[in-house]
């Protein structure tokens, strides 16, 4: 019976690593050339991949269909992840990720607690109400408007 491809690679990883070490530059050049010649495909693939990651994260934190936790907006382009207890900027700086990288981090870390889905309008309102605005930015915060 043929062996599963994943099992084969796990069992023979040392062989692949040894070969890769010897031919690293050739492999990199071949990959780069292939990507250049198939640029349209890679752009389309990566766009779909990023949308899929965002959808998975939104689906998880919405407990079903992705919607804003406050106003129930459901357009994916409007939705984002919010740190429930604030400190989002600080946390993203600590892990060194934002945007798509942050969605991937959430998924890789098995969707940790402390996050919710909000639309950008509700996110900015929450930020203003909690006075989480960055000093000097005109974001509609009460202390900035005064």
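Just so it is clear, none of the values below were taken in a lab; they were calculated from the coordinates. Just so you know, these numbers come straight off a predicted model, no measurement behind them. Cβ coordinates were reconstructed from backbone atoms using ideal geometry, including for glycine residues, and neighbour counts include every protein chain displayed.
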For the range 62-114, what ratio Rg/Rh do Cα atoms give with a Kirkwood hydrodynamic radius? 0.96
As I understand it, the value is the acute angle between the Cα axis of helix 13-37 and the longest principal axis of the Cα atoms of the chain; what does it come to in degrees, rounded to 10? 70
Where is the GNM fluctuation largest for the chain (alpha-carbon springs, 10 angstrom cutoff): 97, 106, 17? 17
Order of 110, 56, 48 - criterion: other Cβ atoms within 10 Å of each residue's Cβ, fewest first: 110, 48, 56
The residues 62, 98, sorted from fewest to most surrounding Cβ atoms within 10 Å, come out as 98, 62
Quick one: helix 120-129 against the long Cα principal axis of the chain, what's the angle to the nearest 10°, folded into 0 to 90? 50
Given a 10 angstrom Cα cut-off, can you work out which residue in 31, 47, 107 is the most mobile in a GNM of the chain? 31
Taking R0 as 35 Å and r as the Cβ-Cβ distance between residue 14 and residue 107, the FRET efficiency 1/(1 + (r/R0)^6), rounded to the nearest 0.05, comes to 0.75
Highest GNM mean-square fluctuation among 85, 14, 72, for the chain with Cα springs under 10 Å, belongs to 14
Report, to the nearest 10°, how far helix 39-62 tilts away from the longest principal axis of the Cα atoms in the chain, using its own Cα long axis and a range of 0 to 90°. 50
Any idea what the relative contact order of the chain is, in percent, if you count C-alpha pairs under 8 Å spaced at least 6 apart? 20
Dividing the helical contributions, -39500 (n - 2.57) per DSSP H run of n ≥ 4, by the residues of the chain yields a 222 nm value, nearest 500 deg cm²/dmol, of -18500 deg cm²/dmol
Spin-label pair residue 53/residue 92, simplified geometry with 7 Å Cα→Cβ offset, distance in nm: 1.4
